[in-house]
1. Where a ≥ b ≥ c are the square roots of the eigenvalues of the C-alpha gyration tensor, would you call the range 6-77 rounded, which needs a/c under 1.5, or, failing that, prolate if a/b is larger than b/c, or oblate?
2. On full extension of the chain, what length is gained from D25 through R85, given 0.36 nm per residue of separation minus the C-alpha to C-alpha distance?
3. Report ³J(HN,Hα) in whole Hz for each residue of the range 9-18, in order, from the Karplus equation J = 6.51 cos²θ - 1.76 cosθ + 1.60 where θ = phi - 60°; Gly and Pro get x.
4. If R₀ is 41 angstrom, what is the calculated FRET efficiency for the pair A36 and A57, using the beta carbon separation as r and rounding to 0.05?
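FYI, it's all coordinate maths here, none of it is from the lab. Every value quoted in this text rests on a predicted model; they were computed, and no experiment measured them. Using ideal geometry, Cβ is built from the backbone for each residue, glycine included, and neighbour counts are taken over all protein chains shown.
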Amino acid sequence: MSGTVPVPPGMRFTTSKRVTPQDVDRAEEMVGRVLADLPERALSVHVTLNRLADPAAPSPALVWVQVELAGRCANAHAAAPAMERAIALAGERLRDRLEPVRRGRECRGHRVSS
C-alpha cells in the first residue's frame, strides 16, 4: 500500500482466496482517489473483491463497493476479465454515482436505516 491517498478509517474488505494483496491495495487506492475530493467524509466503506474459479466465465473478476455518506449509500459493481480492469470500472461507476455529492446535491442512492 502506498499510503499516499487517504482512505476512511475502518474501510472493510471481503475477498475470495483468489484475490491477491496487490488487488486489495489497488482497490484501496481507487476508493481513496474517488473519495478524496468529496465535501463530506465517508462514514463507512465496504469493498468486496472476488475472482470466480470458473475458467469459462467471460468476466471472472468481480468488484462491489458500498460507500455510506451521512445516511446515504452509493454502490458500484463491476465485472471484467481481469481484476485490475474490474477495479477501474468500479471506480468510474462510483465516481459517477457520487458526482451529485461533489456538486453539492443529494447523492443517488437510498436512505440507510439507523
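1. Prolate, because a/c is 1.5 or more and a/b exceeds b/c.
2. Values: separation 60, 0.36 × 60 = 21.60 nm, distance 1.40 nm.
Result for the pair: 20.2 nm of gain on full extension.
3. Each residue of the range 9-18 in turn: x, x, 4, 9, 10, 10, 9, 8, 5, 8 Hz.
4. Numbers: r = 33 Å, r/R0 = 0.80.
After rounding, the FRET efficiency stands at 0.80.
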